[in-house]
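Contents: one structure, followed by commentary.
The values are calculated or read from the model by the stated rules, or taken from the named source; none is laboratory data. Treat the numbers as computed from the prediction; the structure is a model and nothing was measured. Here the Cβ positions follow ideal geometry from the backbone for every residue, glycine too, while neighbour counts run over all protein chains shown.
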Amino acid sequence: MAEFESKSVLLKEQQQNVNEFLSDFRNFSELMPENVKDWQADEDSCSFTAEGAGQVKLKYTERSPEYIEIQPDMAIPVSGEIKLFVKLKDKGAECKATVGVEATIPPMFRMMLKRPLQNLLEMLATALEKHYNG
């Protein structure tokens, strides 16, 4: 299994509020980069088209105060499993967030996916930081 994580970002917001925001896919439209098209979401799932990845469908598989887990809601083109997660750590009036991916995929694909996944995680962490810290 491979695990990739973004840098940890300190958000100027309470953990509960960040958790509520991230627990509803409709809010993710504010975090998506420009190369994401055809964004559609309800509270529990989303779909979009991403450059180089085609159509992507995601759903929540776990939502707790410290941990949010998201998995593909579609067949993925490699054997294995991919989980996107956000870890939140309470810091009183602020909270620390880390975006990550756990992947059980063949080593050959892991090398191909490492850089795009790391870039995605850093982009999401930076978008969260910008959203909450201005």
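Is it true that GLU102 is in contact with a strand residue (DSSP E or B) (Cβ under 7 Å, 6 or more places away or on another chain), touching a residue at least 40 places away in the same chain (Cβ under 8 Å), not in a strand (DSSP E or B) and not β-branched (Val, Ile, Thr)?
Working: in contact with a strand residue (DSSP E or B) (Cβ under 7 Å, 6 or more places away or on another chain): yes; touching a residue at least 40 places away in the same chain (Cβ under 8 Å): yes; not in a strand (DSSP E or B): no; not β-branched (Val, Ile, Thr): yes.
No: the conditions fail for GLU102.
Keeping to segment 1-54, report how many residues are loosely packed, with under 14 Cβ neighbours inside 10 Å, closer than 25 Å to MET111 by Cβ, among the acidic types (Asp, Glu) and touching a residue at least 24 places away in the same chain (Cβ under 8 Å).
Adding up the residues that qualify gives 1.
Among the residues of segment 87-124, write down those that are buried (at least 18 other Cβ atoms within 10 Å of the Cβ) and closer than 10 Å to LEU11 by Cβ.
Scanning segment 87-124 gives LEU88, CYS95, ALA97.
Determine, yes or no, whether LYS83 is out of contact with any His (no Cβ under 9 Å at 6 or more places or on another chain), modelled with pLDDT of 95 or more and under 24 Å from SER64 (Cα atoms). Even if it seems obvious, please write down each step before you answer.
Details: out of contact with any His (no Cβ under 9 Å at 6 or more places or on another chain): yes; modelled with pLDDT of 95 or more: no; under 24 Å from SER64 (Cα atoms): yes.
It is false that LYS83 is out of contact with any His (no Cβ under 9 Å at 6 or more places or on another chain), modelled with pLDDT of 95 or more and under 24 Å from SER64 (Cα atoms).
Please verify whether TYR60 is over 21 Å from GLN40 (Cα atoms), crowded, with 16+ Cβ neighbours inside 10 Å, of a type in the set (Ser, Thr, Tyr) and touching a residue at least 24 places away in the same chain (Cβ under 8 Å), treating the condition exactly as stated. Steps first, answer last, please.
On the way: over 21 Å from GLN40 (Cα atoms): no; crowded, with 16+ Cβ neighbours inside 10 Å: yes; of a type in the set (Ser, Thr, Tyr): yes; touching a residue at least 24 places away in the same chain (Cβ under 8 Å): yes.
No: the conditions fail for TYR60.
Residue check: is GLU122 out of contact with any strand residue (DSSP E or B) (no Cβ under 6 Å at 6 or more places or on another chain), assigned to a helix (DSSP H, G or I) and of a type in the set (D, E, K, R)? Give the derivation first.
Details: out of contact with any strand residue (DSSP E or B) (no Cβ under 6 Å at 6 or more places or on another chain): yes; assigned to a helix (DSSP H, G or I): yes; of a type in the set (D, E, K, R): yes.
Here the answer is yes, as GLU122 does meet what is asked.
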